[in-house]
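Report on one structure; see the data block that follows.
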Amino acid sequence: MARVMHQPTTLDLFCGIGGLTIGLQRAGFCSVGGIDNWQDAATTFEHNLKPLRCFVSDIETTSVENIEKFFGVKSKNIDILVGGPPCQGFSTVGKRNLADPRNELWRHYFALVESIRPAYVVIENVEGLWLADGGKVKETIIQAFQSAGYNMECRLIRSADYGVPQLRKRTIFLAWLHGRCPAFLPVPTCRKHTTVSDAISDLPALGSGESAEEYEGPAKSKFQREMRRGAKMIANHEAANHPPHLVEILKYIPDGGNRLSIPDRLQPRSGFHNSYARLSSTKPAVAVTSNMRKPSSARATHPTQHRGLTVREGLRLQTFDDNFIVLGSRTSQYLQVGNAVPPLLAETIGKAVMAAFQQNCPKEIERIYRLRSIGDRQPTLF
């Protein structure tokens with residue numbers, strides 16, 4: 001009889017609305033669920049990923065016992081821990097603050113890794129972590145995992161190189177104990193970047209304060225066809241209600257242009273040099289943030305329409321399909337989407353880890369799960 005390969009299980013810490021979980025499921029992993037301390041994100045997670053559950057808990061007080069009780073699973077049966085500990089103090093958007101207490105949340109993540117001893121660990125974080133404090137923060141994280149017996153690599157990657165219509169850069173840590181090293185993020189998967197137009201040009205045009213729930217025509221790109229697959233209605237597509245003077249200002253800015261095109265008499269008196277700038281329809285978006293509805297934010301204005309982006313447009317640029325619905329207040333929805341991990345990027349990472357998992361010696365896999373079944377808490381890695 002052919003031997004059945006064990007399907008590895010994952011647990012998503014700091015799961016948000018579930019971008020990492022969705023991507024890893026598409027890569028073949030079986031998800032236990034997610035943990036996050038924000039109820040709004042947890043509600044959206046459970047609505048879209050049912051029957052998976054989200055444990056609403058603060059990572060600083062979450063114990064292995066809490067996890068086992070909530071999910072009804074033994075921690076020794078969790079193969080991969082993934083997550084993106086919030087590190088707003090390292091962000092390249094706004095003022096960096098190395099003293100921000102959220103920068104230390106990775107230590108609580110690490111404490112759970114030490115207790116659970118998963119086969120692989122994935123940490124996704126902001127670009128600023130790569131060079132934070134002259135690279136010392138990155139090295140501190142790597143040294144901590146090495147002290148626990150893990151191998152770890154860290155890379156700075158650009159989302160657009162993996163099919164995401166967004167130039168946003170992310171810091172990715174990948175740790176493993178023994179056996180084959182994962183092919184850490186393979187060579188970029190797309191030769192031609194997915195543009196803003198490729199991602200959102202099929203969505204109904206909106207004016208300030210308007211909304212739409214029905215498609216007005218067919219998909220115009222392969223990306224759009226994939227996003228629309230199985231969807232019959234459009235949710236979360238409602239424009240912010242901009243004041244008339246702001247709409248007038250935006251009319252002077254061309255596709256991909258900026259505030260330099262605004263007449264002197266209408267020039268806003270505040271804002272950064274890169275505010276009041278339109279996305280370019282022929283390029284990937286710069287980055288999707290919680291301020292995407294505000295033209296006064298950095299390059300957050302629709303390429304051709306006189307408004308900021310809708311939640312649905314943000315979801316498209318983050319590679320969530322049209323069946324995915326974000327719940328909560330409008331402000332909360334934008335924050336949830338801005339904080340999310342693109343599922344397409346997560347899938348790419350997941351495929352690399354899955355390949356390594358499957359390439360390990362079958363006898364070694366069987367030995368490890370035999371030891372787990374009798375409660376052996378020695379390193380459970382290949």
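The values are calculated or read from the model by the stated rules, or taken from the named source; none is laboratory data. Model, not experiment: these values are computed from the prediction. Note that we place each Cβ from the backbone using ideal geometry, even for glycine, and neighbour counts take in every protein chain shown. To get the accessible areas, we keep the full protein, side chains included, count just its heavy atoms, and leave off ligands, DNA and RNA. Shrake-Rupley method; radii C 1.70, N 1.55, O 1.52, S 1.80 Å.
Along the charge dipole of the chain, pointing to its positive end and built from +1/-1 on Cβ of Lys, Arg, Asp and Glu, which listed residue (Gln305, Gly134, Gly34) has its Cα farthest out?
Sorting the options by dipole projection puts first Gly134.
Among Ile116, Ile78, Ile141, whose mean-square fluctuation peaks in a Gaussian network model of the chain (Cα, cutoff 10 Å)?
Comparing Ile116, Ile78, Ile141 in a Gaussian network model of the chain, the most mobile one is Ile141.
For the pair Leu260 and Lys69, how long in nm is the line joining their label points, each one 7 Å along Cα→Cβ?
6.1
Starting with the highest mean, order 291-298, 324-331, 305-312 by the number of other Cβ atoms within 10 Å, averaged over the residues of each peptide.
Ranked by mean Cβ neighbours within 10 Å, highest first: 305-312, 291-298, 324-331.
Could you report the chain's accessible area per residue, 1.4 Å probe, as an integer in Å²? Mind showing how you got there, number by number?
Details: 17270 Å² over 382 residues.
Result: 45 Å² of accessible area for each residue.
With the dipole of the chain worked out from charges on the C-beta (+1 for Lys and Arg, -1 for Asp and Glu) around the Cα centre, which of Asn291, Thr44, Gly72 lies farthest toward the positive end?
Asn291
Over the alpha-carbon set of the chain, divide Rg by the Kirkwood Rh and report the Rg/Rh ratio to two decimals.
Working: Rg = 21.7 Å, Rh = 21.8 Å.
We get a ratio of 1.00 for the chain.
May I ask you to give the percent of accessible area on the range 280-338 that is carbon plus sulfur, with a probe radius of 1.4 Å?
With neighbouring chains kept in place, the figure for the range 280-338 is 53 percent.
Once you have a ≥ b ≥ c as the square roots of the Cα gyration tensor eigenvalues for the range 16-65, tell me rounded if a/c is under 1.5, and otherwise prolate or oblate according to whether a/b is larger than b/c.
The shape class here is oblate.
Could you tell me, in Å, what Rg and Dmax come out for the Cα atoms of the range 296-352?
12.8, 41
Among bridges DSSP assigns within the chain, what percent are antiparallel (round to 5)?
Here the antiparallel bridges make up roughly 50 percent for the chain.
Tally up the carbon and sulfur contribution to the accessible surface of the range 170-261 as a whole percent, 1.4 Å probe, everything protein left in place.
Summing carbon and sulfur atoms, their accessible area is 50 percent of the total for the range 170-261.
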